[in-house]
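Encoded as structure tokens, the structure appears first; notes follow it.
The values are calculated or read from the model by the stated rules, or taken from the named source; none is laboratory data. The structure presented is a predicted model; accordingly, all values stated were derived computationally and were not measured. FYI the Cβ positions are ideal-geometry reconstructions off the backbone, even for glycines, and counts take in every protein chain you see. Quick note on the areas: whole protein, heavy atoms, side chains included, nothing else; ligands and nucleic acids left out. Shrake-Rupley method; radii C 1.70, N 1.55, O 1.52, S 1.80 Å.
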2 protein chains.
Amino acid sequence: MATTTAAQRREKARVEYDAFIKSCPTNQLLVRISDKWVSLIVSALAEGSMRYSDLGRKIAGVSPKMLTQTLRSLERDGIVARTVTPSVPVRVDYELTPLGMNLSCLLTAVKDWAEQHIEEVNEARDRYDASSAAS
Amino acid sequence: MATTTAAQRREKARVEYDAFIKSCPTNQLLVRISDKWVSLIVSALAEGSMRYSDLGRKIAGVSPKMLTQTLRSLERDGIVARTVTPSVPVRVDYELTPLGMNLSCLLTAVKDWAEQHIEEVNEARDRYDASSAAS
DNA sequence: CAGAATCCAAATCGATACTG
DNA sequence: CAGTATCGATTTGGATTCTG
């Protein structure tokens with residue numbers, strides 16, 4: 001009846017699809033590991049535990065806000081463990097959990113794929129750009 | 001001398017790091033595959049070639065703009081191939097290249113990891129949220 | 001030291017309408 | 001059919017400042 005029915009249906013489909021995507025484990029994982037700082041933090045911690053400020057120094061360019069935010073979400077997902085030593089001043093260490101180490105392995109697989117195929121991708125890009133430039 | 005020296009140095013570090021991250025193959029790959037629509041498109045095409053509108057229908061909720069944009073960047077990277085059949089009306093088919101199929105395998109590996117560990121992640125989340133709620 | 005809170009600029013995404 | 005162009009809403013990330 002209403003003239004908005006079609007639009008409403010599309011909107012509904014979109015919302016449902018959004019929910020589906022957000023609940024999809026694969027997508028959740030993809031979103032997590034592709035976060036700008038996650039792979040850097042995980043690979044830094046793969047070598048051993050580190051203090052907050054050490055991470056901040058090792059990963060130059062990260063703001064305290066993003067470092068904390070990323071670390072918190074990784075902690076929540078059980079990927080890193082946070083240990084507070086109540087000295088003065090306080091000392092906080094972060095380290096990978098077993099799950100985190102496992103994730104680190106997956107990241108290594110991704111890294112290997114990237115290194116094996118980056119050349120091919122770059123060639124494709126050059127070809128594409130060259131033919132586009134001929135506009 | 002200047003009071004801005006420290007800030008400038010931080011800024012410089014950030015810019016350099018940004019450049020480093022952007023040029024890093026692993027990060028480029030991560031950014032690409034975690035794009036909201038990429039994994040959906042690649043897995044849809046893994047089953048065979050598809051027309052533009054078929055993709056749009058299969059992946060409900062994607063706008064023409066995002067579909068085109070995603071497809072174009074995948075084409076540029078040599079992951080999908082675009083074939084135009086100049087009939088009336090025109091017909092455009094998309095399919096995975098060998099590189100694209102290879103990527104599809106990596107995506108499968110990621111998917112497997114996600115499915116194997118999602119439970120563990122969810123438990124960690126519940127635990128974390130439960131202890132946070134006790135605030 | 002390790003972070004929390006606030007503010008703001010920039011990039012992103014989607015809806016919509018139009019075209020060859 | 002297969003897009004392109006434009007605009008507005010939303011999200012995101014960073015700088016900055018402050019605190020236990």
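Please work out which one of (1) farther than 27 Å from B:SER131 by Cβ; (2) in a helix (DSSP H, G or I); (3) under 19 Å from the mean Cα position of the chain (by Cα) is the condition A:SER132 fails and give its number.
Going through (1) farther than 27 Å from B:SER131 by Cβ; (2) in a helix (DSSP H, G or I); (3) under 19 Å from the mean Cα position of the chain (by Cα) one by one, A:SER132 breaks only (3).
So B:GLN116 clears everything in (1) over 30 Å from A:LYS111 (Cβ atoms); (2) loosely packed, with under 13 Cβ neighbours inside 10 Å except one condition, right? Which one?
Failed condition: (1).
Would you confirm, using the coordinates I've provided, whether A:SER53 is within 22 Å of B:ASP18 (Cα to Cα) and more than 10 Å from DNA strand D (Cβ to nearest atom)?
For A:SER53, the condition - within 22 Å of B:ASP18 (Cα to Cα) and more than 10 Å from DNA strand D (Cβ to nearest atom) - is met.
Filter the stretch B:64-84 down to the residues that are open to solvent by less than 60 Å² (accessible area, probe 1.4 Å) and either under 16 Å from the mean Cα position of the chain (by Cα) or of a type outside the set (Gly, Ala, Ser) (or both) and list them by number.
Residues satisfying the conditions are B:MET66, B:LEU67, B:THR68, B:THR70, B:LEU71, B:SER73, B:LEU74, B:GLU75, B:ASP77, B:GLY78, B:ILE79, B:VAL80.
Mind counting the residues in the stretch A:21-56 that are facing chain B (nearest Cβ under 10 Å) and more than 18 Å from B:VAL121 (Cα to Cα)?
Adding up the residues that qualify gives 4.
Can you tell which of B:VAL88, B:VAL80, B:VAL110 is more than 12 Å from chain A (Cβ to nearest Cβ) and of a type in the set (Val, Ile, Thr)?
B:VAL88
Out of everything in the stretch A:76-123 that is within 16 Å of DNA strand D (Cβ to nearest atom) and of a type in the set (A, V, I, L, M), what residue ends up being nearest to B:TYR128 (Cα to Cα)?
A:VAL84
Can you tell me which residue in the stretch A:48-63 is surrounded by the most Cβ atoms within 10 Å (Cβ to Cβ), limited to those that are within 19 Å of A:PRO86 (Cβ to Cβ) and among the hydroxyl-bearing types (Ser, Thr, Tyr)?
By that ranking, first place goes to A:TYR52.
Which condition does B:TYR17 not pass, out of (1) open to solvent by 30 Å² or more (accessible area, probe 1.4 Å); (2) modelled with pLDDT under 95; (3) closer than 28 Å to A:ASP112 by Cβ; (4) more than 13 Å from DNA strand D (Cβ to nearest atom), if it passes all the others?
(4) is the only condition that B:TYR17 fails.
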